[in-house]
Amino acid sequence: MKIFVDTANIDDIRKANDWGIIDGVTTNPTLAGREGRPFREIVEEICEIMGNRPVSAEVVATDTEGILKEAREVASWASNVVVKIPLIPDGIKAITVLSQEGIKVNCTLCFSPAQALLAAKAGATYVSPFIGRLDDIGHDGMEVVALIKQILDNYDNLHTQIITSSIRHVRHFVRAALVGSHVATVPFTVLEQCFHHALTDIGLRRFLADWEKAGLSIF
Ligand code: E4P
């Protein structure tokens, strides 16, 4: 499973990137709005850090013409931009056009298998089911991801990759991998939590104390 970091914060992206395990970045208007900088500047800086790895940047128009105009603009900022487009009829229409132009799209705000199938038919490179927001309203977000995976696996001509999104905790991350999601986009705080286990901390302290007591050294 590929791991994307779900943030527009440059410091967090640099830290996550330094771990060497990050395959891409996703942003959204809320995350970009927190940074207090021009959108283009944020996207270009993230794209530079990520090299050739994908960086999702979202359009805000809601009509097909507007979406196409914004998508072509955002896609021109860097070769690794993936344009994020909402899963609405005008968005799907725009994705059909953009996929024929070779512009990569992440179809966002997906909450059902039927919606995901439409995104895949339109030729979206990625589709992003929002599992945390589904859990918030009493649904099982991960069940939706599992159904989408099953549908995509049924057809050789559907090449859309699932980005499990709206991840809230480590268990979401693990379950995404268990159901075979192609990608999980993970908030930086959740990525940090993935490192931690009480027994790792206790174990390390004990090893270091025993080593010191025995007076050993490597060099
Ligand atoms: C990622 O592409 C989504 O925009 C993001 O995961 C949404 O997460 P949220 O539901 O925590 O806002």
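The values are calculated or read from the model by the stated rules, or taken from the named source; none is laboratory data. On a predicted model such as this, the values are computed, not experimentally measured, just so you know. Cβ placement follows ideal geometry from the backbone for every residue including glycine, while neighbour counts extend to all protein chains displayed. The accessibility values were calculated without ligands, DNA or RNA, using every heavy atom of the protein model including side chains. Shrake-Rupley method; radii C 1.70, N 1.55, O 1.52, S 1.80 Å.
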> Residue by residue through the range 62-69, which ³J(HN,Hα) values in whole Hz follow from phi under the Karplus form 6.51 cos²θ - 1.76 cosθ + 1.60 (θ = phi - 60°), with glycine and proline marked x?
Replying inline: 10, 10, 4, 4, x, 4, 4, 5
>> Using the Kirkwood formula on the Cα atoms of the range 1-48, what hydrodynamic radius do you get, in angstrom to one decimal?
In response: 10.9 Å
> Ordered by residue, what ³J(HN,Hα) values in Hz, to whole numbers, does the range 78-88 give under the Karplus form 6.51 cos²θ - 1.76 cosθ + 1.60, where θ = phi - 60° and Gly and Pro are x?
Replying inline: 6, 6, 9, 6, 10, 7, 8, 10, x, 7, 10
>> Defining a contact as two alpha carbons under 8 Å apart and six or more residues distant in sequence, what relative contact order in percent does the chain show?
In response: 17 percent
>> Taking 30 Å as R0, compute the FRET efficiency from the Cβ-Cβ separation of Leu158 and Thr30 and round it to 0.05.
In response: 0.55
> Stokes-Einstein D for the range 31-91 at 37 °C, 0.692 mPa s, Kirkwood Rh over Cα pairs, in µm²/s?
Replying inline: 274 µm²/s
>> Can you give me the Kirkwood hydrodynamic radius for the chain, using every pair of distinct Cα atoms, in Å to one decimal?
In response: 18.4 Å
> How high is the FRET efficiency from Glu192 to Glu41, r the C-beta distance, R0 45 Å, rounded to 0.05?
Replying inline: 0.95
>> Please give me the summed charge of the neighbours of Val144: other residues whose Cβ is under 12 Å from its Cβ, Lys and Arg +1, Asp and Glu -1.
In response: 0
>> Sort 41-50, 60-69 by packing, meaning the average of other beta carbons within 10 Å per residue, with the highest value first.
In response: 41-50, 60-69
> Quick one: what do you get for the range 12-114 if you divide its Cα Rg by 2.2 N^0.38 Å?
Replying inline: 1.07
>> Give the lysines reachable from Lys93 as a straight Cα distance under 17 Å; neighbours fewer than 8 places away on the same chain don't count.
In response: Lys69, Lys84, Lys104, Lys121
>> What number does the range 125-219 give for Rg over Rh if you use C-alpha atoms and the Kirkwood radius?
In response: 1.25
> What is the calculated FRET efficiency for Asp135 to Glu65, with r their C-beta to C-beta distance and R₀ = 45 Å, to the nearest 0.05?
Replying inline: 0.80
>> Can you compute 3J(HN,Hα) from phi for each residue in the range 148-165, using the Karplus curve 6.51 cos²θ - 1.76 cosθ + 1.60 with θ = phi - 60°, rounded to whole Hz and x for Gly and Pro?
In response: 4, 4, 4, 4, 5, 5, 6, 10, 5, 8, 9, 10, 5, 9, 7, 10, 5, 10
>> Given Cβ point charges of +1 (Lys, Arg) and -1 (Asp, Glu) and nothing else, what value in debye, to the nearest 20, does the dipole of the chain about its Cα centre take?
In response: 320 debye
>> Quick check: with the 1.4 Å probe, what order do Phe207, Phe219, Phe4 take by accessible area, largest first?
In response: Phe219, Phe207, Phe4
>> Which order do you get for Tyr155, Tyr126 if you rank them by accessible area with a 1.4 Å probe, largest at the top?
In response: Tyr155, Tyr126
> Of the beta bridges DSSP finds with both residues in the chain, what % are antiparallel, to the nearest 5?
Replying inline: 0 percent
>> At 1.4 Å probe radius, can you tell me the per residue accessible area of the range 1-135 in Å²?
In response: 44 Å²
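I'd like to know how the range 95-165 sits against the 2.2 N^0.38 Å rule of thumb: what's its Cα Rg over that expected value?
Normalised Cα radius of gyration, the range 95-165: 1.07.
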